[in-house]
Amino acid sequence: MPKPRVLVICQYYLPGFGGGGGMWTIRNLIERLSDCFEFYVLTSDWDGPSKPLPDSVVRDSWTTLGPARVYYASKGFISTRALHTVIEEANPDAIYLNSVFAGLTRKYLGARRRRAVRRIPTLLSPCGELSAGALSHKKGKKRSYLAMARLLGLFEDVVWRATTDAEVPEIENAIGRELDIQVAPDLPPSDIVPDLAFGDKPEKTAGSVRLIFASRIAPKKNLKFLLEELSRISLNGIRLAIVGEVEDRDYWRSCESRIDELSEQIEIQVLGGVSNEELLELMKGSHFFVLPTLNENFGYVFLEALAAGCPLIISENTIWSDVARRNAGFVILLSDEKGWQDALASALAMDQEAYRSMSLAARAMAEEWLADPGHEAAMVKTLEYVIAKNERSRGQH
């Protein structure tokens with residue numbers, strides 16, 4: 001019996017690395033579930049919002065990448081006619097949308113509503129975009145689109161995917177109460193830094209610490225807040241690596257002014273976007289991962305940091321709050337500025353023995369998460385549910 005086919009529509013995909021956590025969600029989904037499903041991917045030819053993929057990437061036709069067939073739409077755009085052709089060629093049993101607001105998602109939902117493409121069972125994963133924190137950025141534009149989408153029925157018969165139970169009310173508050181919502185966690189890779197030993201980490205001496213911030217440079221990720229809190233403690237001995245593509249240039253300029261003010265007291269490296277392999281090496285060479293995010297849906301980068309033996313220093317707005325109980329990091333309310341200063345000072349003052357205990361706890365927490373078979377089973381169940389629920393609607397226009 002042939003495997004069910006799933007067409008994933010996502011704005012960014014490999015071989016890029018600037019697409020954020022949503023891109024890694026899809027990569028892991030395909031790599032881990034390709035024995036159960038046949039995957040096709042429709043994506044743009046951009047590596048994140050700021051630059052195109054290399055010229056070597058084949059545009060506007062199907063190509064093979066790993067276990068999936070991939071269609072890269074040139075200039076990040078696809079016409080309704082081409083979208084119809086792509087869907088017919090893939091002939092999927094289900095369509096998986098990896099964003100509410102991405103251009104390709106809006107294109108598909110609009111074409112689906114106008115019946116310009118065949119009606120196919122559709123799963124929509126908002127990837128944390130409907131949380132209060134995420135909706136607060138560009139609020140007017142997002143709220144207007146959601147109101148229009150509800151009015152036009154763009155979400156009719158869509159099955160929604162929440163990554164945690166906590167995301168269910170976020171989706172309901174933004175879209176409505178009468179929704180079909182399934183809960184399935186994001187899939188991690190099968191392993192991350194599999195051969196890590198504590199001896200691979202840099203020595204930790206009291207009064208010296210290596211911090212790493214790794215995320216897109218945008219208001220949601222709150223880099224400026226981190227820089228401001230660093231400016232309020234004794235800075236001698238602190239090294240900070242800033243990794244990530246600039247998504248919001250105005251915001252980055254405000255961060256740069258803070259960096260300039262700190263540069264005489266703290267060693268700051270601005271590394272821009274790096275490959276996943278390079279990021280993991282940077283994390284192995286760091287003591288703590290710091291991200292005072294306004295909101296995070298899952299956040300592969302947290303799991304990667306833990307796997308690299310980096311305890312977390314994070315806000316309350318993630319699913320990783322258990323690190324505090326597990327001695328694998330610090331969780332501080334964004335409203336508690338003194339708490340942030342104390343946590344950063346504690347990381348700076350920590351000696352090798354205390355750090356070893358925390359680093360090993362971080363690694364153990366990641367290994368436990370990666371080994372949990374329930375994540376994969378939940379995702380398989382969700383995709384099978386979508387296909388089965390809407391089976392009779394296939395072929396209708």
Exercise. Out of the residues in the range 184-211 that are crowded, with 16+ Cβ neighbours inside 10 Å and farther than 30 Å from Ala349 by Cβ, state the one that is modelled with the highest pLDDT.
Key: Ala184
Quiz item: Counting only residues that are under 17 Å from Ile175 (Cβ atoms) and surrounded by 14 or more Cβ atoms within 10 Å (Cβ to Cβ), how many does the range 137-155 have?
Solution: 7
Quiz item: Does Arg249 qualify as being surrounded by fewer than 16 Cβ atoms within 10 Å (Cβ to Cβ), more than 27 Å from Thr382 (Cβ to Cβ) and within 21 Å of the chain's Cα centre (by Cα)?
Solution: yes
Quiz item: Mind checking which residues of the range 63-102 are in contact with a helix residue (DSSP H, G or I) (Cβ under 9 Å, 6 or more places away or on another chain) and acidic (Asp, Glu)?
Solution: Asp93
Exercise. Please tell me if Leu333 is open to solvent by 10 Å² or more (accessible area, probe 1.4 Å) and farther than 30 Å from Leu33 by Cα.
Key: yes
Quiz item: Out of curiosity, is Thr293 in contact with a helix residue (DSSP H, G or I) (Cβ under 6 Å, 6 or more places away or on another chain) and open to solvent by less than 40 Å² (accessible area, probe 1.4 Å)?
Solution: yes
Exercise. Would you mind stating whether Val159 is open to solvent by less than 10 Å² (accessible area, probe 1.4 Å) and either basic (Lys, Arg) or under 18 Å from Ile175 (Cβ atoms) (or both)?
Key: yes
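Yes or no, residue by residue, for (1) without any contact (Cβ under 8 Å) to a residue 12 or more places away in the chain; (2) within 15 Å of Asp200 (Cα to Cα); (3) open to solvent by 10 Å² or more (accessible area, probe 1.4 Å):
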site: Ser275; (1), (2), (3): no, no, yes
site: Glu281; (1), (2), (3): yes, yes, yes
site: Gly285; (1), (2), (3): no, yes, yes
site: Phe288; (1), (2), (3): no, yes, no
site: Asn297; (1), (2), (3): no, no, yes
site: Glu304; (1), (2), (3): no, no, yes
site: Thr318; (1), (2), (3): no, no, yes
site: Asp322; (1), (2), (3): no, no, yes
site: Arg326; (1), (2), (3): no, no, yes
Quiz item: Would the range 117-136 turn up any residue that is surrounded by fewer than 15 Cβ atoms within 10 Å (Cβ to Cβ), outside any strand (DSSP E or B), at negative phi and in contact (Cβ under 8 Å) with a residue 40 or more places away in the chain?
Solution: yes
Quiz item: If you check Ala94, Ala102, Ala111, which single one turns out to be of a type in the set (A, V, I, L, M) and open to solvent by 10 Å² or more (accessible area, probe 1.4 Å)?
Solution: Ala102
Exercise. Could you tell me whether Leu29 is within 26 Å of Gly128 (Cα to Cα) and part of a strand (DSSP E or B)?
Key: no
Practice problem: Can you give me the ranges of the strands (runs of 3 or more DSSP E) entirely in the range 43-108 with at least 3 residues that are under 22 Å from the mean Cα position of the chain (by Cα) and closer than 24 Å to Val159 by Cβ? | Solution: 68-73, 94-97
Exercise. Kindly list, by first and then second residue, each pair from a residue in the range 351-362 that is without any contact (Cβ under 8 Å) to a residue 60 or more places away in the chain to a residue that is open to solvent by 50 Å² or more (accessible area, probe 1.4 Å) and of a type in the set (Lys, Arg), limited to pairs with Cβ atoms under 7 Å and residues at least 6 apart or on different chains.
Key: Ala361/Arg326
Quiz prompt | Matching entry among Thr43, Thr25 (being closer than 30 Å to Glu296 by Cα, touching an Asp or Glu at 6+ places or on another chain (Cβ under 7 Å), surrounded by 22 or more Cβ atoms within 10 Å (Cβ to Cβ) and in contact (Cβ under 8 Å) with a residue 12 or more places away in the chain) | solution = Thr25
Quiz prompt | Flag if Gly140 is of a type in the set (Gly, Ala, Ser), at pLDDT below 90 and out of contact with any helix residue (DSSP H, G or I) (no Cβ under 8 Å at 6 or more places or on another chain) | solution = yes
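The values are calculated or read from the model by the stated rules, or taken from the named source; none is laboratory data. Please read all numbers here as calculations on a predicted model, not as lab measurements. A quick note on method: Cβ atoms are made from the backbone with ideal geometry, for glycine too, and the neighbour counts reach across all protein chains shown. The accessibility values were calculated without ligands, DNA or RNA, using every heavy atom of the protein model including side chains. Shrake-Rupley method; radii C 1.70, N 1.55, O 1.52, S 1.80 Å.
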